[in-house]
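Novice: Before anything else, here's the structure in question.
The values are calculated or read from the model by the stated rules, or taken from the named source; none is laboratory data. As the structure is a prediction and not an experimental result, all values here were calculated from the model. So basically every Cβ, Gly included, is an ideal-geometry build from the backbone, and we count neighbours across all protein chains shown. The accessibility values were calculated without ligands, DNA or RNA, using every heavy atom of the protein model including side chains. Shrake-Rupley method; radii C 1.70, N 1.55, O 1.52, S 1.80 Å.
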Amino acid sequence: MIYFDFAATTPLDSEAAEVLVQASTEFFGNSSSLHDIGGQSQDLLENCREELANLLGVNKKGLYFTSGGSEGNFLAIEALLSAPKKAGKHIIAGIAEHSSIHGVLNRLEGYSITYLPLNPSGLIDIEELEHAIIPETVLVTIQHVNSEIGTIQPIEEIACICRKNNIHFHSDTVQSFGKLDLKKITPLVSSLSFSGHKIYGPKGIGGVYVDPAISWRAFFPGGSHERGFRPGTVNVPAIASMTAAAQKLNEQLVQSHDQFLELRATLIETFEPIKEFVHIYQAAPDSQLPSIIGMGITGIEGQWMMLECNRYGFAISTGSACHIGMQSPAKVTQALGLSPQEAKQFIRISFGKTTTREDVVKLGETMAEIVKKFKR
């Protein structure tokens, strides 16, 4: 089977796997233990923290390790709300945010929340954001890259507005970490989250950056690990493996971006025979991650197309894997204002470092044939 669901998860890189095994066998000590074996683990942990902080362009004192992006989003938002810049109980979020963002916002008591849609290009409308701000707004949370259509949100503009209005700004960078240079945006946000398994690292590991100037209160009381940000023994081997994967991807950012641009153009070209039925939800090239293609085929339900592709040996998806289990349309379809019928037609194709032009041509031609047979 040929894999086209890299936005959902990635295979563990072979070098990152070697680091995982080595760290698990040679640096197995609890990083909080006071003996030398614990000290070796602690040294490795802090080396990884420093390396990832350098990749992100942040102060390592604000970098904390978590079990992944979902927990990271939860803890980051709770941290920011524990130390607001001003009094207020109003939050602004994107409709298309990851389910973990919606999860933490839904459990909050006493807060009013304004959800912003996406414009036809899949981007937050800056004017709508400004109009949504009221004196009581204390937090804005907008993802950097949408996981279902790959649009890159105008983080710099959003951050400027938040700073001007004395508002905390959290950004979910799970889909952009390892794919874009985040150093341009990290100085601008109050917090951000990232995950290892999206970048060929292990599952069950990720991280959060919170501006060290923010005096947050721990959500879990009494924890000693990660300076109280998150309880539980720190998974140093997984952190080391994720760091190795991040270093490797960072060296290939420009090369990978150019490769994905070519693959995207190739796939769209293969849709030429069925172009009248194909609608791709995308922004202009400078606001679009080329490795993610969110689309719909008129008259064909996305789940049926996904199953047909699976039957022919191709793994695609109908949206975020974290949302599929809810048996409801992808959040991005609601954010784009699609009709229920259009939402059901949504599918996502995403490329990775092992994707070849030949694979893409095979997928595109197969999908074209499936559509032609269906439309007869």
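Novice: Those residues that are in contact with a Phe, Trp or Tyr (Cβ under 9 Å, 6 or more places away or on another chain), β-branched (Val, Ile, Thr) and touching a residue at least 12 places away in the same chain (Cβ under 8 Å), I need them from the range 1-48; list them, please.
Specialist: Within the range 1-48, ILE2, THR10 qualify.
Novice: Can you name the residue in the range 283-302 that is touching a helix residue (DSSP H, G or I) at 6+ places or on another chain (Cβ under 9 Å) and open to solvent by 30 Å² or more (accessible area, probe 1.4 Å) and, of all such residues, is nearest to ALA315 (Cα to Cα)?
Specialist: Among those residues, the one meeting the criterion is GLU301.
Novice: Just one of LEU267, LEU263 is closer than 19 Å to PHE346 by Cα, assigned to a helix (DSSP H, G or I) and open to solvent by less than 20 Å² (accessible area, probe 1.4 Å); which is it?
Specialist: LEU267
Novice: Oh, and also: Among the residues of the range 113-156, write down those that are among the polar types (S, T, N, Q), more than 22 Å from HIS90 (Cα to Cα), open to solvent by 10 Å² or more (accessible area, probe 1.4 Å) and not in a loop (DSSP other than H, G, I, E, B). Walk me through it before giving the result.
Specialist: Just the residues of the range 113-156 that are among the polar types (S, T, N, Q), to begin with: 114, 119, 121, 137, 141, 143, 146-147, 151, 153.
Now drop any that are not more than 22 Å from HIS90 (Cα to Cα), which leaves 119, 121, 146-147, 151.
Checking which are open to solvent by 10 Å² or more (accessible area, probe 1.4 Å) leaves us with 119, 121, 147.
Within the range 113-156, none qualify.
Novice: Return the total of residues in the range 157-188 being without any contact (Cβ under 8 Å) to a residue 60 or more places away in the chain, open to solvent by 10 Å² or more (accessible area, probe 1.4 Å), closer than 24 Å to SER121 by Cα and in a loop (DSSP other than H, G, I, E, B).
Specialist: The number of residues fulfilling the criteria is 0.
Novice: Quickly run through the range 332-343 and pick out the residues that are under 23 Å from ARG264 (Cα atoms) and in a helix (DSSP H, G or I). I'd like the intermediate steps shown before the answer.
Specialist: As a first pass, look at the range 332-343 and keep what is under 23 Å from ARG264 (Cα atoms): 332-333, 336, 342-343.
Residues satisfying the conditions are VAL332, THR333, GLU342, ALA343.
Novice: GLY110 - would you say it is open to solvent by less than 30 Å² (accessible area, probe 1.4 Å), part of a loop (DSSP other than H, G, I, E, B) and modelled with pLDDT of 95 or more?
Specialist: Working: open to solvent by less than 30 Å² (accessible area, probe 1.4 Å): no; part of a loop (DSSP other than H, G, I, E, B): yes; modelled with pLDDT of 95 or more: yes.
So GLY110 does not fit the description; no.
Novice: Which ones in the range 219-242 are in contact with a strand residue (DSSP E or B) (Cβ under 8 Å, 6 or more places away or on another chain) and outside any loop (DSSP other than H, G, I, E, B)? So that I can check it myself, show each step before the final result.
Specialist: Residues of the range 219-242 that are in contact with a strand residue (DSSP E or B) (Cβ under 8 Å, 6 or more places away or on another chain), as a first pass: 226-227, 229-230, 234-235, 239, 242.
Matches in the range 219-242: GLU226, ARG227, ILE239, MET242.
Novice: How about the range 243-288: which of its residues are polar (S, T, N, Q), in contact (Cβ under 8 Å) with a residue 60 or more places away in the chain and more than 23 Å from ASN146 (Cβ to Cβ)?
Specialist: The answer is THR243, GLN247, THR270.
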